[in-house]
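Visitor: Before I ask anything, let me first share the structure, which is written out below as structure tokens.
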Amino acid sequence: MKTLMKKFSLEKISWLFLGLILINFLACTTFSPAYKLGNQAEINKNYDEAIKYYEQALIENPKESVYRLALFRAKASAALNSAEKARKLLAEGKKDEAVAEYKKALAYDPTNRQILEEYRAAAGIKPQPTEKPKEIVVEELVKLKYPPEKLKLKFTDASLKAIFQALGKFSGINFLFDEQFRDLPVTIDLSDLTVEQALNSLCLIGRTFYRVIDERTVIIVPDNPTKRQQYETNAIKTIYLSNINAQDVQNQLVSILRTQYKAPSIIIDKNRNSLTIRDNPRIVALAEKLLRNWDKPKGEVVIDLEIMEVSRRKLQKLGMEFSQSYAGIRYSGGLEQFPADNWLPLQGFDLSKAGNFQITLPSALLQFLETDSDTKIIAQPRLRGVDSEQIKYLVGQRVPIPQTTFSPIAAGGVSQQPIVSYTYEDVGIEVNIKPRLHQEKEVTLEMEVKITSIGGTGIADIPIISTREVKNIIRLKDGETNLLAGLLKDEERKSLKGIVGLKNLPILGGLFSSTDRTVEQTDVILTITPHIIRTMPITDEDRKPLWIDNEALSFATAQAAGAEEIFVPEEEELTPEELAQAGGTSTVNFLPARVELQAGNTFNVNLAVNSPADITSLSLNLNFDPKFLRLREIQKGDVVAQFGDKGSFLQNISPTSGVAVIGFSSPTPTSGVRSGNLATLVFEAVAAGETRVVISSVQALGAQGRPVNLLGGEMEVLIR
């Protein structure tokens with residue numbers, strides 16, 4: 001019975017042992033053979049075979065996420081590979097084969113828009129018409145109503161005010177005039193123009209603008225900053241952005257939309273990424289068009305990077321290796337114990353006996369050692385990124401590196417207390433790439449690839465880190481593969497150690513020496529292939545210029561609409577009586593009103609005052625562009641000189657900001673001046689270009705402190 005029980009226990013233990021072995025074997029085979037074959041096929045870029053094996057592995061184990069990810073990766077690679085083959089076939093003129101490859105690529109990745117567009121172009125399939133973006137127009141609150149018929153009006157030396165009134169009789173529009181409106185004789189042909197075109201042309205000639213009050217009423221206002229601020233209507237609109245940062249475009253928008261009168265008011269909302277613009281409807285509509293052109297989605301690119309590093313280290317030790325102990329001879333004299341005080345007694349001292357001597361020799365070790373190690377690193381990262389944005393890829397581990405510093409135990413003492421700290425170094429593969437997509441289907445890659453590994457240990461077992469690093473900027477076509485680096489390192493070291501004199505003996509020298517031979521070989525290959533997923537969508541509408549409805553455009557529009565010739569009379573100095581008949585408007589003008597000269601020259605211009613009433617005090621601000629002009633001097637004119645030393649004259653120049661202040665005050669509050677030269681300005685032309693000098697604001701007082709309305713002029717300067 002005991003024998004039977006013992007036999008049963010042995011059989012049970014043996015079956016349990018076999019079961020444990022089977023469990024361990026199954027645990028070691030983590031991935032299926034199909035997955036391993038697919039992985040090998042993918043490394044060899046045989047994507048069709050890799051997809052077949054990955055699908056087989058996924059059928060065997062549907063719950064394994066590794067198989068699902070591997071299949072997705074292989075299909076994406078196969079789609080890009082087929083698309084690249086299709087492009088090559090298309091370049092060779094093989095259209096049918098190219099279309100077949102494009103279909104194959106779309107079967108692998110039907111969501112790739114770039115491949116879909118190329119397939120449609122190769123197959124001759126017309127793209128579906130897209131809806132044109134709606135024209136952005138910020139409408140006025142009130143629109144004029146006038147008959148659609150073209151005008152048949154022509155005027156010769158007629159009053160501008162009378163022309164407006166005649167236009168009002170034809171169109172049924174009631175024209176009102178601002179108190180500072182200046183009448184002047186005009187010769188113009190308004191034939192074949194609409195009412196609105198004629199209105200724009202007349203405002204251009206008279207340097208005025210109009211404000212619509214209601215459907216049948218318009219007021220004509222002198223065009224200057226003060227009146228613009230007083231009469232011009234404003235629109236407020238919030239524009240939401242999707243692809244660009246609102247803060248990044250604020251300054252550019254202000255610089256483009258800035259006019260000679262003011263800059264638009266823009267408020268940024270960071271949370272909603274929106275801009276709220278307040279200005280006249282024309283500027284708001286232009287801002288929305290600009291932002292629509294700027295707010296484009298960035299292109300995307302997929303970068304296939306293949307890194308292969310193969311290293312081999314061979315170590316060989318042959319021969320007799322001796323220990324580091326010393327060889328020596330000692331006299332014992334037959335003493336059982338050497339004296340403790342190191343004194344040798346002379347009694348019984350005998351050098352003739354060999355037994356009285358002891359010889360110490362170093363130990364020797366005969367070595368026949370050889371080490372051969374191979375290391376292989378293969379990485380195939382696939383990186384997807386956005387145009388002009390940094391892509392970072394890091395795979396590895398952080399290795400602690402000890403660092404020892406010494407500090408004093410007590411204040412003022414000697415630095416003898418060791419303090420050990422650790423710094424962590426990234427060891428592995430680190431890739432930093434910044435792609436930039438071009439409209440020519442090319443990609444510029446600003447990249448840095450760094451491969452680090454532990455190459456051994458040094459003093460105190462501190463790890464030695466070997467590094468391979470490449471920094472480069474390259475430009476590649478879509479799908480073009482480039483060999484980024486092929487670094488081959490072959491290093492061989494040989495050292496001979498042994499007994500001096502004996503290690504160099506022929507044949508027998510090997511018995512008294514040892515040879516250490518180390519051979520290291522490292523080969524690194526990096527390839528990179530960019531694939532463009534999508535580029536910035538630019539339509540034909542985006543390539544068209546945006547026309548700004550300024551004064552120059554209004555003038556060109558009027559001529560193109562049928563006006564044979566628009567005659568603008570030159571500025572003339574009017575007498576106070578003529579000014580009074582014209583409506584009692586006072587002016588401050590430049591004489592001459594237009595100057596042409598070479599860069600580097602100087603010129604003088606008079607600032608003339610004309611008024612039907614006495615002016616006892618005056619102050620004005622002058623604006624110029626310091627990039628083109630430099631105001632060197634302001635000379636006192638005859639208007640101020642007639643007061644002698646009793647009158648006051650104010651002048652101030654700010655050359656960096658391009659602002660000057662000029663003014664005078666009469667010694668008596670009951671009498672002043674009506675016409676004459678207020679000042680002579682001495683300008684220097686700094687750089688070539690076209691600019692203007694504008695009187696931005698004027699304040700004047702007449703007799704008894706009553707305000708006088710003054711209209712400030714401007715001067716055009718053309719520098720060649």
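Visitor: I'm trying to understand the selection: among the residues of segment 233-249, which are open to solvent by 50 Å² or more (accessible area, probe 1.4 Å) and either farther than 24 Å from P537 by Cβ or in contact with a Ser or Thr (Cβ under 8 Å, 6 or more places away or on another chain) (or both)?
Guide: Filtering segment 233-249 for residues open to solvent by 50 Å² or more (accessible area, probe 1.4 Å) gives 234, 236-238, 240, 242-243, 245, 247-248.
If the condition is that a residue be open to solvent by 50 Å² or more (accessible area, probe 1.4 Å) and either farther than 24 Å from P537 by Cβ or in contact with a Ser or Thr (Cβ under 8 Å, 6 or more places away or on another chain) (or both), then N234, I236, K237, T238, Y240 are the ones that fit.
Visitor: Moving on. For segment 652-672, state whether one or more residues are among the hydrophobic types (A, V, I, L, M, F, W, C), part of a loop (DSSP other than H, G, I, E, B) and modelled with pLDDT of 80 or more.
Guide: Narrowing segment 652-672 to residues among the hydrophobic types (A, V, I, L, M, F, W, C): 653, 659-662, 664.
Imposing the further condition that a residue be part of a loop (DSSP other than H, G, I, E, B) reduces the set to none.
There is no residue in segment 652-672 that is among the hydrophobic types (A, V, I, L, M, F, W, C), part of a loop (DSSP other than H, G, I, E, B) and modelled with pLDDT of 80 or more.
Visitor: Here is a further query. Show the residue pairs meeting these rules: Cβ distance below 7 Å; 6+ apart or different chains; first residue within segment 709-720 and under 11 Å from N610 (Cα atoms); second residue open to solvent by 30 Å² or more (accessible area, probe 1.4 Å) and not hydrophobic (A, V, I, L, M, F, W, C).
Guide: Within 7 Å, the pairs are L711/R182.
Visitor: Just for segment 452-467: of the residues that are modelled with pLDDT under 80, open to solvent by less than 50 Å² (accessible area, probe 1.4 Å) and part of a strand (DSSP E or B), which one is nearest to L383 (Cα to Cα)?
Guide: Applying the filter and picking the extreme gives S453.
Visitor: For segment 649-666, give me each residue that is open to solvent by 60 Å² or more (accessible area, probe 1.4 Å) and more than 25 Å from E690 (Cβ to Cβ). It would help to see each step written out before you state the result.
Guide: As a first pass, look at segment 649-666 and keep what is open to solvent by 60 Å² or more (accessible area, probe 1.4 Å): 650-652, 655-657.
Within segment 649-666, L650, Q651, N652 qualify.
Visitor: OK, next. Just one of Y102, Y53, Y108 is modelled with pLDDT under 85 and among the aromatic types (F, W, Y); which is it?
Guide: Details: Y102 fails: modelled with pLDDT under 85; Y53 fails: modelled with pLDDT under 85.
After ruling out the rest, the residue left standing is Y108.
Visitor: Also, I was wondering about something else. Please go through segment 82-105 and give me each residue that is among the acidic types (D, E) and farther than 15 Å from R120 by Cβ, ordered by number. Step through it out loud before you land on a result.
Guide: Going residue by residue through segment 82-105, those that are among the acidic types (D, E) are 84, 92, 96-97, 101.
Matches in segment 82-105: E84, E92, D96, E97.
Visitor: Let me ask you something else. If we keep just the residues of segment 209-226 that are open to solvent by 10 Å² or more (accessible area, probe 1.4 Å) and free of Cβ contacts under 8 Å to residues at least 60 places away in the same chain, which is nearest to K145 (Cα to Cα)? Break it down into steps so the answer makes sense when it comes.
Guide: Initially, segment 209-226 is screened for residues open to solvent by 10 Å² or more (accessible area, probe 1.4 Å), giving 209-217, 219, 223-226.
Then keep just the ones that are free of Cβ contacts under 8 Å to residues at least 60 places away in the same chain; that gives 209-211, 217, 219, 223.
On the way: F209: 18, Y210: 15, R211: 14, T217: 10, I219: 15, D223: 24 Å.
Filtering segment 209-226 for residues that are open to solvent by 10 Å² or more (accessible area, probe 1.4 Å) and free of Cβ contacts under 8 Å to residues at least 60 places away in the same chain, the one nearest to K145 (Cα to Cα) comes out as T217.
Visitor: Still on this structure, please answer the following. Being surrounded by 18 or more Cβ atoms within 10 Å (Cβ to Cβ), more than 25 Å from E690 (Cβ to Cβ) and either without any contact (Cβ under 8 Å) to a residue 40 or more places away in the chain or not hydroxyl-bearing (S, T, Y) (or both): is that true of F628 here?
Guide: Working: surrounded by 18 or more Cβ atoms within 10 Å (Cβ to Cβ): yes; more than 25 Å from E690 (Cβ to Cβ): no; either without any contact (Cβ under 8 Å) to a residue 40 or more places away in the chain or not hydroxyl-bearing (S, T, Y) (or both): yes.
Taking the combined requirement at face value, the residue does not satisfy it.
Visitor: With the requirement that a residue be open to solvent by 60 Å² or more (accessible area, probe 1.4 Å), in contact with an Asp or Glu (Cβ under 7 Å, 6 or more places away or on another chain) and assigned to a strand (DSSP E or B), what does segment 377-394 give you?
Guide: Our first condition is that a residue be open to solvent by 60 Å² or more (accessible area, probe 1.4 Å); within segment 377-394, this holds for 378, 380, 382, 384, 389-390, 392, 394.
Applying the additional criterion that residues be in contact with an Asp or Glu (Cβ under 7 Å, 6 or more places away or on another chain) yields 380, 382, 384, 394.
Once the filter is applied, which keeps residues that are open to solvent by 60 Å² or more (accessible area, probe 1.4 Å), in contact with an Asp or Glu (Cβ under 7 Å, 6 or more places away or on another chain) and assigned to a strand (DSSP E or B), segment 377-394 yields R382, R384, L394.
Visitor: Sticking with this one: So which residues in segment 494-535 are modelled with pLDDT of 75 or more and of a type in the set (A, V, I, L, M, F, W, C), if there are any at all?
Guide: Within segment 494-535, L526, I528, I532, I533 qualify.
Visitor: Oh, and also: Take the residues of segment 263-279 that are closer than 13 Å to L241 by Cα and of a type in the set (K, R): which is nearest to the chain's Cα centre (by Cα)?
Guide: This residue is K270.
Visitor: On to the next question. Taking A287 and the conditions (1) assigned to a loop (DSSP other than H, G, I, E, B); (2) touching a residue at least 40 places away in the same chain (Cβ under 8 Å), which numbered condition does it fall short on, given that it satisfies the others?
Guide: The single condition A287 does not satisfy is (1).
Visitor: Determine, yes or no, whether K646 is over 26 Å from P225 (Cα atoms), outside any strand (DSSP E or B) and open to solvent by 60 Å² or more (accessible area, probe 1.4 Å). Can you show your working first?
Guide: Details: over 26 Å from P225 (Cα atoms): yes; outside any strand (DSSP E or B): yes; open to solvent by 60 Å² or more (accessible area, probe 1.4 Å): yes.
Judged against the criteria, K646 is a match.
Visitor: Which of the residues belonging to segment 673-701 are modelled with pLDDT under 85, within 20 Å of N224 (Cβ to Cβ) and not aliphatic (A, V, I, L, M)?
Guide: S696, S697, Q699
Visitor: Additional query: From the list P655, P707, which one is farther than 25 Å from G600 by Cβ and out of contact with any Gly (no Cβ under 9 Å at 6 or more places or on another chain)? Step through it out loud before you land on a result.
Guide: On the way: P655 fails: farther than 25 Å from G600 by Cβ.
Result: P707 is the single residue among P655, P707 that is farther than 25 Å from G600 by Cβ and out of contact with any Gly (no Cβ under 9 Å at 6 or more places or on another chain).
Visitor: Yes or no: segment 698-711 includes at least one residue that is open to solvent by 20 Å² or more (accessible area, probe 1.4 Å), outside any strand (DSSP E or B) and touching a Phe, Trp or Tyr at 6+ places or on another chain (Cβ under 7 Å).
Guide: Checked segment 698-711: no residue is open to solvent by 20 Å² or more (accessible area, probe 1.4 Å), outside any strand (DSSP E or B) and touching a Phe, Trp or Tyr at 6+ places or on another chain (Cβ under 7 Å).
Visitor: What pairs come up if the first residue lies in segment 190-208 and is β-branched (V, I, T), the second is open to solvent by 10 Å² or more (accessible area, probe 1.4 Å) and outside any loop (DSSP other than H, G, I, E, B), and their beta carbons are under 7 Å apart, counting only those six or more places apart or on different chains?
Guide: Close Cβ pairs (under 7 Å, with a partner that is open to solvent by 10 Å² or more (accessible area, probe 1.4 Å) and outside any loop (DSSP other than H, G, I, E, B)) amount to I205/I566.
Visitor: For segment 678-692, give me each residue that is closer than 11 Å to R720 by Cα and open to solvent by 10 Å² or more (accessible area, probe 1.4 Å). Break it down stepwise before answering.
Guide: At the first step, the residues of segment 678-692 found to be closer than 11 Å to R720 by Cα are 685-690.
Hits for segment 678-692 are V686, A687, A688, G689, E690.
Visitor: Follow-up question, since we're still on this one. So if I check each of K88, K75, K63, K6, which one is part of a helix (DSSP H, G or I), at pLDDT 70 or above, out of contact with any helix residue (DSSP H, G or I) (no Cβ under 7 Å at 6 or more places or on another chain) and of a type in the set (K, R)?
Guide: On the way: K75 fails: out of contact with any helix residue (DSSP H, G or I) (no Cβ under 7 Å at 6 or more places or on another chain); K63 fails: part of a helix (DSSP H, G or I); K6 fails: at pLDDT 70 or above.
When all the criteria are applied, what remains is K88.
Visitor: Listed residues Q417, Q367, Q397; which is touching a strand residue (DSSP E or B) at 6+ places or on another chain (Cβ under 8 Å), part of a strand (DSSP E or B) and modelled with pLDDT under 70?
Guide: Numbers: Q417 fails: modelled with pLDDT under 70; Q397 fails: modelled with pLDDT under 70.
None of the others qualify; the one that does is Q367.
Visitor: Residues being part of a helix (DSSP H, G or I) and either out of contact with any helix residue (DSSP H, G or I) (no Cβ under 9 Å at 6 or more places or on another chain) or closer than 22 Å to T481 by Cβ (or both): count how many of those fall in segment 107-118.
Guide: Pass one, segment 107-118, residues part of a helix (DSSP H, G or I): 107-108, 113-118.
Okay, now just the ones that are also either out of contact with any helix residue (DSSP H, G or I) (no Cβ under 9 Å at 6 or more places or on another chain) or closer than 22 Å to T481 by Cβ (or both), so 108, 113-115, 117-118.
Number of matching residues: 6.
Visitor: Which count do you get for residues in segment 188-198 that are in contact with a helix residue (DSSP H, G or I) (Cβ under 7 Å, 6 or more places away or on another chain) and assigned to a helix (DSSP H, G or I)?
Guide: Number of matching residues: 3.
Visitor: N200: of a type outside the set (K, R), open to solvent by 40 Å² or more (accessible area, probe 1.4 Å) and under 50 Å from the mean Cα position of the chain (by Cα), yes or no?
Guide: Values: of a type outside the set (K, R): yes; open to solvent by 40 Å² or more (accessible area, probe 1.4 Å): yes; under 50 Å from the mean Cα position of the chain (by Cα): yes.
Yes; evaluated as a whole, the condition is true for this residue.
Visitor: Follow-up question, since we're still on this one. Of the numbered conditions (1) crowded, with 19+ Cβ neighbours inside 10 Å; (2) part of a strand (DSSP E or B); (3) touching a residue at least 60 places away in the same chain (Cβ under 8 Å); (4) not charged (D, E, K, R), I277 fails exactly one; give the number of that condition.
Guide: Just one mismatch for I277, condition (3).
The values are calculated or read from the model by the stated rules, or taken from the named source; none is laboratory data. All values derive from a computational prediction rather than experimental measurement. No Cβ is skipped: glycine too gets one built from the backbone with ideal geometry, and neighbour counts run over all protein chains shown. Only protein heavy atoms, including side chains, enter the accessible area calculation; ligands, DNA and RNA are left aside. Shrake-Rupley method; radii C 1.70, N 1.55, O 1.52, S 1.80 Å.
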